[in-house]
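S.K.: Before we start, here is the structure in question, set down as structure tokens.
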Amino acid sequence: MSLSMFLVIFLEGLSASALLFLAAVGLSIIFGLMDILNFSHGALFMSGAYVAMTIFHATGNFPLAVLAGGCAAALLGLVMERLALRPLRGRPLYQAMVTIGVMLFLDQLVIEIWGPSLISFSRWGPLAGMTAIMSGAISNYRLFLILVGLVVFLLMAGFLASSRWGAMVRAGVENAGLLEGLGVNTGLLFTFTFGLGAFLAGVGGAVYGPFIRLVDPNLGLSILIDSFIVVVIGGFGSFGGTVLGSLLIGMLQAFIGYLSPGLTVMLNVVLMAVVLLIKPDGLMSVRRWRA
Amino acid sequence: MRKYPTLLVGGVLLAVAPLTLSSFVLSLLAQAAVLAVFAASYDLLLGYTGIFSFGHALFLGVGAYLAALFLLNGHSLPLAMLAAVSAAAVLAVVIGAVTLRSKGVYYAMITLAFAEMFHIYAGMAKVTGGANGLIGIPLPSFIAAPVGDYYVMVIFAVICFGAMYFFLDSPTGRVLRAVRDNPTRAAMIGYNVPLYLVIAQVVAAVFAALAGVFLALNQGMVYTNVLSSNTTVNALLIVVLGGIGTLFGAVAGSLIVVVAGSILANYFPYWPLILGALYIIVVLLYPQGLMQLSFKRLGTIFRSNPAKEPNVSAGSDEGSDFH
């Protein structure tokens, strides 16, 4: 493998990692804070992709489309949190089952609105070309994905590390009951966090569509499985773990996919099984205190 | 004792049903019977052991594919069943061993990943017929006609439900419920909790694989869809609608999803959407299934912390190992 080849594959892996990070970060934080395993996360991701596709085809304005995709998913997330999840607070198994219902509902809704077949989602003009890297080349869109992933990572890291709400989220991950005892309105915090997670999923979907150049109604499930693997490997509720998991899986997909494309699915699952046997709570598990 | 008249009436109704029903309805009933067994095996995990699996389709699929392969290669049905059951049991032990140390929520995701791996493999490999699946399974002559198919599936379901009932009523089955309600206490009393969790997974896998064998017989073909997560979601739908932790609720749930579903779908163009909404409402308001319909509970959705149901099997705070 030549150096330029290595660089191209490395950047491809980085762009795949960025997508995985966008898809998984909301899932991980929502579980960490609220104990909710959100099966509808992939469906929210897909809704973001479909809304962004519609807006982009109508206006030709891609940044607006991405924002709309994120907002649509956030809105769905907020409604879902208030109506379906809050009444079941403290009963994680039932909450997980309700999110499966929401997944079914959203998947079906997408089919009713946009039809069951694939719809193409072209790339925005400025992002369409290729960039030369030594003797190789990489598509501008992949570089854009790396940029988006990096920006979201920095914003989220800054938010969690140094804002008041970020501190409340971190405290809530460790012990939501104690946080409430200290006078924090955890209900509001939960709704906010769920909306934020859904927004990031929607943004992820909006930038994922042009990456594979299409949207289809099965998109949600495949993303859900990849996100699950990322957060299981990284450790649920751990922001750093999600970053690490995305990088591991993204790079693995790029490099193993280069050597033997059929192997990647198996390898993801095998990697997950190995991590679980060694560290059952993931690589960077969060120390949690539960009454 | 008063159970026997009900059982007798039910048995007679099932036996004479082919005299009055069209072959379309009979084929739906046969399919519902098989899916009821599959859903009930899922309920063994979800409702009776407190394990939340999202990859139960794996065992149905393994059963169906092995049955198809064995029959296509000229082997007998009992041999196919034996192969399906043993393969499912081995898989369940392996997955159980990997997940033993992982908490509840991880279990759902790991099982999903395993099932999806097989789903993708079945869509690519030559031995499973790839995306086309395995078609033209040579069926024993007594299954080929709709009436014969109906009787075979119903008798299969009755035997399986009987076996599951006695298993759950056995000392082992009672320990499973103790593990579900309070794993720490069960361990303190001296039960080997991980062992019992693996036992539950193996038993559930075996019944799911048997359902897979009969699904292959019922359909005459096997297609990758049987391994997809939609299949697991279907089982979850059936169990939730029928009532979690009520073994026979799976029969009612299966009738709603299969029979009512395919008839209502003709009248309501948005039936899948309605089914999804119905499922959400049932989980929110009637966690014990549609059999427990009561309109008093409709108000609880607008209260932030509804009172807990005394008998909800899975998901009580100290009961599930979900944290």
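Each reported figure results from applying straightforward, stated rules to the coordinates on display, with no laboratory input. Because the structure is a prediction, the values reported are computed rather than measured. Using ideal geometry, Cβ is built from the backbone for each residue, glycine included, and neighbour counts are taken over all protein chains shown.
S.K.: State the Kirkwood hydrodynamic radius of the protein assembly as shown in Å, one decimal place, computed from all pairs of distinct Cα atoms.
M.R.: Values: mean 1/r = 0.0397 Å⁻¹.
By the Kirkwood definition, the hydrodynamic radius is 25.2 Å.
S.K.: Once every Cα of chain A carries one equal point scatterer and solvent is ignored, give the base-10 log of I(q)/I(0) from the Debye formula at q = 0.12 Å⁻¹, two decimals.
M.R.: -0.75
S.K.: Local charge sum around A:Ala201 (other residues, Cβ-Cβ under 14 Å, Lys/Arg +1, Asp/Glu -1)?
M.R.: On the way: positive: none; negative: A:Glu81, A:Asp226.
Taking every other residue near A:Ala201 into account, the sum is -2.
S.K.: Between B:Asn132 and A:Leu182, how many nm apart are label points set 7 Å from Cα along the C-beta direction?
M.R.: If labels sit at B:Asn132 and A:Leu182, their model points lie 6.4 nm apart.
S.K.: If I take R0 = 51 Å and measure r between the Cβ atoms of A:Met130 and B:Asn230 in this structure, what FRET efficiency does the formula 1/(1 + (r/R0)^6) give, to the nearest 0.05? Don't skip to the answer; put the middle values down first.
M.R.: On the way: r = 38 Å, r/R0 = 0.75.
It comes out at approximately 0.85.
S.K.: Rounded to the nearest 0.05, what FRET efficiency do B:His75 and B:Ala125 give with R0 = 35 Å and r taken as the Cβ-Cβ distance? Could you check?
M.R.: Details: r = 20 Å, r/R0 = 0.56.
About 0.95, to the nearest 0.05.
S.K.: Using only Cα atoms, tell me the angle between helix A:62-80 and the longest principal axis of chain A; keep it within 0 to 90° and round to the nearest 10.
M.R.: 30 degrees
S.K.: How far is helix A:164-181 tilted, in degrees, relative to the longest principal axis of the Cα atoms in chain A, given as a value from 0 to 90 rounded to the nearest 10?
M.R.: The answer is roughly 40 degrees.
S.K.: I would also like to ask the following. What residues from the range B:20-40 fall in the zone where the backbone N is under 19 Å from a label point 7 Å along the Cα-to-C-beta line of B:Val12?
M.R.: B:20-21
S.K.: Averaged over its residues, how many other protein chain Cβ atoms are within 10 Å of peptide B:226-239's Cβ atoms? Mind dumping the intermediate values first?
M.R.: On the way: counts 0, 0, 2, 6, 3, 0, 1, 7, 1, 0, 4, 4, 0, 1.
Shielding by partners across B:226-239 averages 2.
S.K.: Gain in length, B:Phe248 to B:Tyr270, computed as 0.36 nm per residue apart minus the alpha-carbon separation, to one decimal in nm? Could you put the intermediate results ahead of the total?
M.R.: Numbers: separation 22, 0.36 × 22 = 7.92 nm, distance 2.83 nm.
So the chain would gain 5.1 nm between B:Phe248 and B:Tyr270.
S.K.: Got a sec? Which residues in the range B:94-134 would a label at B:Met221 touch, if it sits 7 Å along Cα→Cβ and we count backbone N under 18 Å?
M.R.: B:122-134
S.K.: In whole Å, how far is the Cα centre of the range B:69-135 from that of the range A:193-259?
M.R.: 26 Å
S.K.: Using DSSP H assignments, which helices in chain B have an axial alpha-carbon span of 18 Å or above and a mean Kyte-Doolittle hydropathy of 1.6 or higher? Please list the in-between numbers first.
M.R.: On the way: long enough: B:3-20 (26 Å, 1.37); B:23-46 (34 Å, 1.87); B:57-72 (22 Å, 2.36); B:77-99 (32 Å, 2.33); B:104-124 (31 Å, 1.11); B:146-169 (34 Å, 1.56); B:193-219 (38 Å, 1.97); B:229-242 (20 Å, 1.48); B:271-285 (20 Å, 2.57).
Long hydrophobic helices here: B:23-46, B:57-72, B:77-99, B:193-219, B:271-285.
S.K.: Tell me, rounded to the nearest percent, the portion of alpha carbon pairs in the range A:197-259 spaced more than 20 Å apart. It would help to have the intermediate numbers written out before the result.
M.R.: Numbers: 654 of 1953 pairs.
That tail contains 33 percent of the Cα-Cα pairs.
S.K.: Would any residue of the range A:130-174 have its amide N under 12 Å from a label point 7 Å out along Cα→Cβ of A:Ser4? List them or say none.
M.R.: A:132-138
S.K.: Considering Cα pairs under 8 angstrom that are at least six residues apart, work out the relative contact order of the range B:30-184 and quote it in whole percent.
M.R.: Working: 119 pairs, mean separation 53.2, N = 155.
After rounding, I find 34 percent.
S.K.: Then there is this: Using the Kirkwood formula on the Cα atoms of chain B, what hydrodynamic radius do you get, in angstrom to one decimal? Display every interim value, and only then the final one.
M.R.: Working: mean 1/r = 0.0492 Å⁻¹.
In chain B this quantity evaluates to 20.3 Å.
S.K.: If every alpha-carbon in the range B:131-209 counts as one equal scatterer, what log10 I(q)/I(0) does Debye give at q = 0.23, 0.25 1/Å?
M.R.: With one equal scatterer per Cα and no solvent, log10 I(q)/I(0) is -1.06, -1.15.
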